[in-house]
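Each remark here refers to the structure printed beneath this line.
The values are calculated or read from the model by the stated rules, or taken from the named source; none is laboratory data. This structure is a prediction, so every number in the text was calculated from the model and none was measured. Neighbour counts run over all protein chains shown; Cβ positions are idealised from the backbone, glycine included.
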Amino acid sequence: MLLNYAPSTTFRIAYDLLKRKYPDTGNKKYLAILNLAAKESETETEQAIKTLVEENHEPLPEKVREYIELHRKKPLRFDPGVSAVRLEEYDTMLACGGA
């Protein structure tokens, strides 16, 4: 089933900028951005475009990807702190008929 979906105005701004600056390759660059949004995150891609445009940078696909990777939140690493196993305690427990 094909959904009718219109990208936000942010994506349209990116398209217009790319098409104006790169008349021959603007479509391809824009499709690379859409592909990035589909594979990674539309929200992160849109935020990257907004920030790049606000800072007067071209929303090139490689710059958008770079922004996303730089600003993506890294998952917190949790170290459960497992202590070393002391087998003597288990040997003692088994020798006394425990377990």
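Observations on the structure shown:
- Members of region 50-99 that are of a type in the set (A, V, I, L, M), on the phi < 0 side of the Ramachandran plot and assigned to a loop (DSSP other than H, G, I, E, B): LEU60, LEU76, VAL82, ALA84, VAL85
- Checking each residue in region 24-82 for being of a type in the set (Gly, Ala, Ser) and either farther than 16 Å from THR10 by Cα or surrounded by fewer than 12 Cβ atoms within 10 Å (Cβ to Cβ) (or both) picks out ALA38, GLY81.
- Criterion applied to PRO7, PRO23 was being over 13 Å from the mean Cα position of the chain (by Cα), modelled with pLDDT under 95 and not in a helix (DSSP H, G or I), and the one residue passing it is PRO7.
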